[in-house]
Each structure stands twice: as structure tokens, then as C-alpha cells.
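The structure appears right after this line, and notes come after that.
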Amino acid sequence: PDGKTMLVGQSLDTTILVVSLDDTTYGKALGTIDTGSKDLYALHFDPFDATGNTAYATEWTAALDFNDTSKMKLLQLDLAGKAAKTLSVGKSPEEMVFLDARYALVANSLSDTLSILDRTAGQVVGSVTVSALNGPSPSALAFDASLSRLYVTLAADNAIAVFDVDMNQTPPTFTEAGQIPTAWWPTAVSVDASNGTILALSGRGHGIGLDATAYPDTSAANEAIRMAGSLAAIPPPDAATLANYTQTVTAQNAVAALDGYPTVQCNGAPYDFPVPMKPEDGASTKIKHVIFIVRE
């Protein structure tokens, strides 16, 4: 908070660097904090700690127990002691948001949940399920305290989930109010405190679309142009607008309802499924192409 210290997270090393920004020792390493494992994702000072002694970090792939990879690490950092306390959250934790001086949230991208952290007690006290048609992969968070609204990027659904937050409960409660459509693969979200405008960053922008003439150069060197990111400024929606937004998100993610969705017909023949009954029956006469989709 005093602008004199910087924390540097690392993805290929097991330490967080503590670096001085003070005029007299600018750039000097003040020490390291051992994280216990690699692949740090998010790293933030606690904005409600005026002493600047507390920070939090998520480790994207580090399981607490290798026999249970559904429980991964949130680190509570003590700068004075150069120490890290490990807290258990969901699978592949990414960004976090601080709601007030007591509570914070962590987005667990591969658990499709949000962990509720009680920083006063130093423990996770609850979980919020993020619902969607597909695996939504919640990744980033923003809280509008004036409207008591939480915004959660759903990377895999190209949307932002909107939650109404009751901060008068202990812990706070979260009621999903709807969803806002975004461009391809939203990666960050924030709120303009002056007017509540939602700022949504998308890593893949609008994609290349169906018009081959728009991006004739398909080389790897031109990928940055073909798939440039985008930033959207969205006014905070009222109830009617949010309902319309939600319908749009639902329609765009209901793949089975789109024109051209394939169906399999088994019309009563002894065996007319596309896959042959036995390997010795030879290749399928119906299957022309097999498309294998791998995420990441």
C-alpha cells in the first residue's frame, strides 16, 4: 500500500520474490517466500490490510494431496515472516476478489466453483457453485460494492455470470441473477467505480468467423491478427436487460439446438449403428471423418 514493495510470482520456480521499490534500495531483493510448488497464477496484496503485510496467491496446478487433485492451493502470505500458509480450495484456482475486510472469493476454474475465504479466521468457509450448460470454467472476478453484485467470467461459455450478494449474512450469500454474453473466452473483468460499467476482456476476441476472405492469411505468424483479443464496456444491466442477456447466453451455448446438429438414426435394421459390431467386420461404411477435440 505504501508503494515501496513489489511481489513477483513465478511459474517455473517455487518462490515469490519480494523486491524493494523504495528510492534508497530500488530493485533490491528483500527476500523470497517459499510456495512449496510451481505454477503461481494470481498474486495480490490484501487491499484491506493497511500494513501491507498480507498477500494472497493461487497455485494453478499444485494439489494439496496428489491422491486428491480436486483440492488445490491458496496461499496466505506473511511478508514480515517471509512465510506462506496453505489453504485448501478447488481445482485450478485462478483469480480472486476481496469483498470487504473479512471475506474474499477464489475462482476455481476446473471445479466450476467459487471458494469463500474468511481471512479473519484464516480458512475457507463455503463454496458457490457456478451453473451453466457446459463446464463454465470461472476464471476472474469483480465486485460492485455499490450494487452488491459479483461478476464472474465464464471462460468456456463466453459469458459473465452475475450474482446478487448479501453481505449482511455470515458468510455472505450469493444468488445467481443471470448471465451477460461476451466475446470469445473472457479472461478478466473489472468494474468502473464511477459508474458501474463492466469492463470485460476476452482473449480470443470475435474469432475468425465463417468468412474466409476476412483473414486470408492462415499462417501461424498471423495468428495474433486473426485472433486478437477485445475489450467490452457494458453498462450495468437492469433486471429486464439481464434477462434478455441470459436468454442470449443460453441460446448460444445450447449447441444441440443449432441448425445442422447431427443425429443418429437406428431405424430397426438388425445392426445399423455407424460403428461396426466387430473389428473383423471392417471399416464403417457410414463414418467419413473423426474429429477429436482436446481442451488445452
**Message:** So if I check each of LYS38, LYS71, which one is modelled with pLDDT of 90 or more and open to solvent by 10 Å² or more (accessible area, probe 1.4 Å)?
**Reply:** LYS71
**Asked** Could we say that LEU201 is open to solvent by less than 80 Å² (accessible area, probe 1.4 Å), modelled with pLDDT of 85 or more and not in a loop (DSSP other than H, G, I, E, B) here?
**Response** yes
**Message:** Take ASP144 and tell me if it is at pLDDT 95 or above, among the acidic types (Asp, Glu) and surrounded by fewer than 22 Cβ atoms within 10 Å (Cβ to Cβ).
**Reply:** yes
**Message:** Is it the case, given these coordinates, that THR32 is β-branched (Val, Ile, Thr), over 20 Å from MET96 (Cα atoms), open to solvent by 60 Å² or more (accessible area, probe 1.4 Å) and not in a strand (DSSP E or B)?
**Reply:** no
**Prompt:** Does LEU77 fit the bill of being open to solvent by less than 10 Å² (accessible area, probe 1.4 Å) and either at pLDDT below 95 or farther than 16 Å from ALA107 by Cα (or both)?
**Reply:** yes
**Message:** Looking at the stretch 5-29 only, could you name the residues that are assigned to a strand (DSSP E or B) and surrounded by 13 or more Cβ atoms within 10 Å (Cβ to Cβ)?
**Reply:** THR5, MET6, LEU7, VAL8, THR15, ILE16, LEU17, VAL18, VAL19, SER20
**Message:** Take the residues in the stretch 237-255 that are modelled with pLDDT under 90 and open to solvent by less than 70 Å² (accessible area, probe 1.4 Å); name whichever of them is nearest to the chain's Cα centre (by Cα).
**Reply:** ASN253
**Message:** Return the pair list, or none, for Cβ contacts closer than 6 Å from residues in the stretch 57-81 that are at positive phi to residues that are open to solvent by 70 Å² or more (accessible area, probe 1.4 Å) and at pLDDT below 95, at least 6 apart or on different chains.
**Reply:** none
**Request:** Select from the stretch 149-184 the residues that are open to solvent by less than 40 Å² (accessible area, probe 1.4 Å) and on the phi > 0 side of the Ramachandran plot and list them in ascending order.
**Result:** GLY178
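The values are calculated or read from the model by the stated rules, or taken from the named source; none is laboratory data. What you see is a predicted model; the values in this text were computed from it and never measured. Note that we place each Cβ from the backbone using ideal geometry, even for glycine, and neighbour counts take in every protein chain shown. These accessible areas exclude ligands, DNA and RNA; they are computed on the full protein's heavy atoms, side chains included. Shrake-Rupley method; radii C 1.70, N 1.55, O 1.52, S 1.80 Å.
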